[in-house]
Amino acid sequence: MFRALVAPHKKTPGMKIPGVFLCLFLSLSCVADCGHPAGTLLSVARVSDGDTLKLEDGRSVRVLGINAPELARGQAPAQPLGREARAAAQTFIQRAGGKVRLGFERERTDRYGRWLAHVYDSRGRSLAAELLQQGMGLQISVPPNVAQETCLLAFERRAQARGVGVWRNRYWNAYPAESLAVRDTGFRLLRGRVSRVDVNSSAWLELEGNLVVRIAQRDWAQFGFNKRDWLALKGQQIDVRGWIVARKASATGGRQFKPLMLQLRSPAALQVSASR
């Protein structure tokens, strides 16, 4: 017996759910805020890409709640809609007069030294909400910064229903996990069938093809799953989203490990089909 795993429909601190759903029926200019900006207005020096800003004080800001398509970097090619996502973010910043307010959650910086923040204009409109509504990225949240998960998913679903942006592009729209090549790393939305499940200090969901999905035991409580629940996923079709990384090839007991791995941290990034 299974249920679809999506973001929990509950109101969390700093969210304004009624305003979001009212706004979904109105024009794009009426993007209600998800949460509350804090502090003074800060000047933006440049938009690095759809989800990263550089402030005039030198700080880099990684926008919470969204992963936008990447631009080309070094040997890594651009992802589809990378330039369009940056242009949409630039338009938001231009309309904001080049100044934004930041809203923080529990974790304020990442391993690269970037600030992790929600970004708003002076009227409290959310950059992530506007980009998601245009289909210029996918909603993503990484614990402990999950307060706006449900709110931002509402904007993503509107874009999905309209079939705009990433939702009309095969690269982004539930790509078959079994078709992944070993070189296919980076952020993706994937669909596949669980061919094998191992549970130890993590739950490992092997999909048909080159990918294994890992859920560390510390995150199980967020999913509401125990060991038996993970094991029962064998044979189920699932949709997952997150960052695919190359995994060091190795073998145990004559069985070769999958060369690609995606780590899940939030239940909003996993959806299970209702039946086999």
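Tabulated data for the structure shown
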| quantity | calculated |
| --- | --- |
| Distance-filtered residues of segment 91-133 - backbone nitrogen under 15 Å, label point 7 angstrom along Ser60 Cα→Cβ | 109-117 |
| Accessible area in square angstrom per residue, segment 176-260, 1.4 angstrom probe | 49 |
| Dipole magnitude of segment 137-187, debye to nearest 20 (Cβ charges: Lys/Arg +1, Asp/Glu -1, about Cα centre) | 260 |
| Two-decimal Rg to Rh for segment 115-233 - Kirkwood Rh, Cα set | 1.02 |
| Segment 149-272, dipole about Cα centre (Lys/Arg Cβ +1, Asp/Glu Cβ -1), debye to the nearest 20 | 140 |
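The values are calculated or read from the model by the stated rules, or taken from the named source; none is laboratory data. Remember, predicted model here, so these are calculated numbers, not experimental data. No Cβ is skipped: glycine too gets one built from the backbone with ideal geometry, and neighbour counts run over all protein chains shown. These accessible areas exclude ligands, DNA and RNA; they are computed on the full protein's heavy atoms, side chains included. Shrake-Rupley method; radii C 1.70, N 1.55, O 1.52, S 1.80 Å.
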